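> Have a look at this one.
The values are calculated or read from the model by the stated rules, or taken from the named source; none is laboratory data. Everything numeric in this text was worked out from a predicted model, so none of it was measured. Note that we place each Cβ from the backbone using ideal geometry, even for glycine, and neighbour counts take in every protein chain shown.
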């Protein structure tokens, strides 16, 4: 028998989910059909793609090499389909965004973009930076707007905007009485931060490391709003994107103060896999992002 695109899609789903049952659910297939497809792949190429130990799957060395090639093959096939079947205007564009970008940038962008391409379905995923970058590498997203740096060398990125993080603390906190604050002053207070893998957490880890300061947070949360509420309740202090705390600062739920020896400015990017076939509509979305960034810089 010969291998088909269907076999490749099944393998990719199993590799990503590392579970036959979950892969079958994603693919809307039966579990035996998925297992049979993997067995056919292994038999055809004479390799072991997965080790099966105590009813669990483990990736083999061969599976990693096969995965990279299968992704490239599927992307090439999909690009052919989009080109020949007008999928570019009638299909789906999968866009990711980190929390700040998802709250303040993507809604307006997607709304404007869909006025230009009304028949194109735009699917949006809001998650942390690490998850979005992995989704780009796994071809589960086409583009992603990411705060901070891009860690994977397999991703192409273009600079969009700059944003600013600010120190926040509850009303009546000892920091309210300080005329000036440096980064080292903050370590004596309980710190509340985003989870590992988020753009904000990675940025803070790098900043504190660059200043040679040990940074051990008291709380970690995937929810920025939960951190703001905890700060407001007097549990500790935090450093978060200015855009996300503006309303709470205006309502005097929390307070802020500049830090003398650190600007907490970072760059935001739009990113995609360097092997990704960019459709005309994907290029239009990238161009729209740059247009908005230029307007934001001028305002």
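> Can you go through 93, 136 and tell me which one is surrounded by 22 or more Cβ atoms within 10 Å (Cβ to Cβ), modelled with pLDDT of 90 or more, more than 30 Å from residue 259 (Cα to Cα) and under 12 Å from the mean Cα position of the chain (by Cα)?
Exactly one of 93, 136 is surrounded by 22 or more Cβ atoms within 10 Å (Cβ to Cβ), modelled with pLDDT of 90 or more, more than 30 Å from residue 259 (Cα to Cα) and under 12 Å from the mean Cα position of the chain (by Cα), namely 136.
> From the list 148, 172, exactly one residue is surrounded by fewer than 18 Cβ atoms within 10 Å (Cβ to Cβ) and either outside the structural domain of residue 292 (by TED's automatic domain parsing) or within 30 Å of residue 212 (Cα to Cα) (or both). Which is it?
It is 172.
> Same structure again: Can you name every one of the helices (runs of 4 or more DSSP H) wholly within region 213-299 that holds 2 or more residues which are modelled with pLDDT under 90 and either surrounded by 12 or more Cβ atoms within 10 Å (Cβ to Cβ) or over 20 Å from the mean Cα position of the chain (by Cα) (or both)?
Here the list reads 280-298.
> When you scan region 32-53, do you find a residue that is surrounded by fewer than 15 Cβ atoms within 10 Å (Cβ to Cβ) and either within 29 Å of the chain's Cα centre (by Cα) or under 20 Å from residue 77 (Cα atoms) (or both), even just one?
No.
> Here's a follow-up. Against the definition (under 23 Å from residue 251 (Cβ atoms), touching a residue at least 60 places away in the same chain (Cβ under 8 Å) and in the same structural domain as residue 232 (by TED's automatic domain parsing)), how does residue 183 come out, yes or no?
When the stated conditions are applied, residue 183 does not pass them.
> Moving on. Please determine whether any residue of region 110-130 is under 14 Å from residue 271 (Cα atoms), in a helix (DSSP H, G or I) and touching a residue at least 60 places away in the same chain (Cβ under 8 Å).
yes
> Say we look at region 58-74 and pick out the residues that are in contact with a strand residue (DSSP E or B) (Cβ under 7 Å, 6 or more places away or on another chain) and more than 14 Å from residue 12 (Cβ to Cβ); which of these is surrounded by the fewest Cβ atoms within 10 Å (Cβ to Cβ)?
Checking each candidate, the answer is 58.
> Considering only region 99-109, I want to know if a residue exists there that is surrounded by 12 or more Cβ atoms within 10 Å (Cβ to Cβ), part of a loop (DSSP other than H, G, I, E, B) and under 17 Å from the mean Cα position of the chain (by Cα).
yes
> Kindly check whether there is at least one residue in region 194-209 that is at negative phi, buried (at least 19 other Cβ atoms within 10 Å of the Cβ), assigned to a strand (DSSP E or B) and at pLDDT below 95.
yes
> Based on this model, can you work out whether residue 10 counts as in a helix (DSSP H, G or I), in contact with a helix residue (DSSP H, G or I) (Cβ under 6 Å, 6 or more places away or on another chain), surrounded by 11 or more Cβ atoms within 10 Å (Cβ to Cβ) and in contact (Cβ under 8 Å) with a residue 12 or more places away in the chain?
Yes.
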